1. Quick one: is Thr38 at pLDDT 95 or above, closer than 17 Å to Thr71 by Cα and loosely packed, with under 13 Cβ neighbours inside 10 Å?
2. Might you let me know whether region 36-52 holds any residue that is within 20 Å of Arg5 (Cβ to Cβ) and in contact with a helix residue (DSSP H, G or I) (Cβ under 7 Å, 6 or more places away or on another chain)?
3. Can you report the number of residues in region 11-24 which are touching a helix residue (DSSP H, G or I) at 6+ places or on another chain (Cβ under 6 Å) and of a type outside the set (Asp, Glu)?
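The values are calculated or read from the model by the stated rules, or taken from the named source; none is laboratory data. For clarity, every value in this text was computed on a predicted model and none was experimentally measured. Cβ: placed from backbone, ideal geometry, glycine included. Neighbour counts: every protein chain shown.
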Amino acid sequence: VFDARAMVGRYEGEFLSYEDAQRLIAIKHQVLETGVGTREEIFITLGEEVRYYDLTVEPLRNRDGEIVGITCATMDISDRK
């Protein structure tokens with residue numbers, strides 16, 4: 001549904017509804033605050049369509065073990081629903 005190259009460096013609110021963006025931001029903040037990765041099933045509403053994704057978010061650490069960001073990966077699992 002989204003071109004991954006077009007999403008790099010963009011803010012969630014630029015391409016998601018406010019509610020969907022807030023859910024995704026909360027998951028990312030949890031990983032940044034706790035340092036513990038997560039894997040969750042999320043849904044995104046695109047117009048009249050709801051898409052389901054398997055989301056993995058992991059902390060990104062520097063050589064000293066400090067969290068410097070996060071990595072995210074998603075897989076569209078809508079066909080399983």
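1. No.
2. Checked region 36-52: at least one residue is within 20 Å of Arg5 (Cβ to Cβ) and in contact with a helix residue (DSSP H, G or I) (Cβ under 7 Å, 6 or more places away or on another chain).
3. 3
Yes or no, residue by residue, for (1) among the aliphatic types (A, V, I, L, M); (2) surrounded by fewer than 12 Cβ atoms within 10 Å (Cβ to Cβ):
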{"site": "Arg23", "(1), (2)": "no, no"}
{"site": "Ile42", "(1), (2)": "yes, no"}
{"site": "Glu49", "(1), (2)": "no, yes"}
{"site": "Val57", "(1), (2)": "yes, no"}
